[in-house]
Amino acid sequence: MSTRILVLGGARSGKSAYAEALLTDAPAVRYLATAVLDPVDHDFADRIAVHRDRRPAHWTTVENAEPATVLATAAPATLLDDIGTWLTARLDARAAWEAPRGTVTPDCDTLVDAVAAYRDRLVIVSPEVGMGVIPATRSGRLFRDEIGTLNQRLARACDEAYLIVAGLPLRLK
């Protein structure tokens, strides 16, 4: 059984559901949710509620925007969902949207090191955004480029990687 698995996919591809299904046999799962809830964003709150409702009752949810810190503590199985919301929070925290490229590299280094060092079951969900149109804004291009580079690094650190398209998994590694 692989220790670290990266699950990539586009919006509404089924990547989170696929990642969750990979851990249905685990007796205990630590669900590491990276989203920072904005109480006025009802659409995003509804998305989070769907994810919460889908989780088995015996899973433990940890809402934390610092996954490297959480991964420093062992758990039988951890599901990290998702890298895109984590990266957005790091770009916000470092005021990196208009800063030079690479501003969040230290944060990404810390995360990749934590994933590489983690020895328990770990499933990571991340968006694949590089297959669409070129974003019209600098912030859109920055996010696309940063997540693309980070996904490559995480894929190297993981034992397996899957791309989910229309709910169907394609094994990459």
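The values are calculated or read from the model by the stated rules, or taken from the named source; none is laboratory data. This one's a predicted model, so the numbers in the text were calculated from it and none came from an experiment. Here the Cβ positions follow ideal geometry from the backbone for every residue, glycine too, while neighbour counts run over all protein chains shown. Heads up: the accessible areas ignore ligands, DNA and RNA and are worked out on the full protein's heavy atoms, side chains in. Shrake-Rupley method; radii C 1.70, N 1.55, O 1.52, S 1.80 Å.
The antiparallel fraction among DSSP beta bridges confined to the chain stands at about 15%. Annotation: extensible slack from ASP53 through ASP120 equals 21.6 nm (criterion: 0.36 nm per residue apart, minus Cα-Cα distance). At q = 0.10, 0.11, 0.17, 0.19 Å⁻¹, what log₁₀ I(q)/I(0) does a Debye calculation on the Cα points of the chain give, no solvent, two decimals? Each listed q maps to, in turn, -0.35, -0.43, -1.10, -1.40.
Carbon and sulfur together cover what percent of the accessible area of the chain at a 1.4 Å probe radius? Please report the intermediate quantities before stating the final value.
On the way: 4950 of 8710 Å².
The value for the chain is 57 percent carbon and sulfur by accessible area.
The string of couplings for segment 109-118 from the Karplus curve (6.51, -1.76, 1.60, θ = phi - 60°) is 4, 4, 5, 4, 4, 5, 5, 4, 7, 6 Hz, one whole number per residue in order, with x for Gly and Pro. Taken along the Cα-to-beta-carbon direction at a fixed 7 Å, the label points for LEU172 and GLU63 span 2.9 nm. Taking 0.36 nm per residue of separation and subtracting the Cα-Cα distance, full extension of the segment from ALA74 to ARG101 would add 6.4 nm. Modelled label positions at ASP92 and ASP113, each set 7 Å beyond Cα in the direction of Cβ, lie 2.6 nm from each other. What is segment 95-173 by shape, rounded, prolate or oblate, if you read a ≥ b ≥ c off the alpha carbon gyration tensor as root eigenvalues and call it rounded for a/c under 1.5, prolate for a/b larger than b/c, and oblate otherwise? It is oblate, given that a/c is not under 1.5 and a/b is not larger than b/c. Counted by Cβ distance under 14 Å from PRO169, the other residues give a net charge of 0, where Lys and Arg count +1 and Asp and Glu count -1. Surface analysis of the chain yields an accessible area of 50 Å² per residue, using protein heavy atoms and a 1.4 Å probe. The C-alpha atoms of the chain define a longest principal axis, and helix 138-157 lies at about 40 degrees to it.
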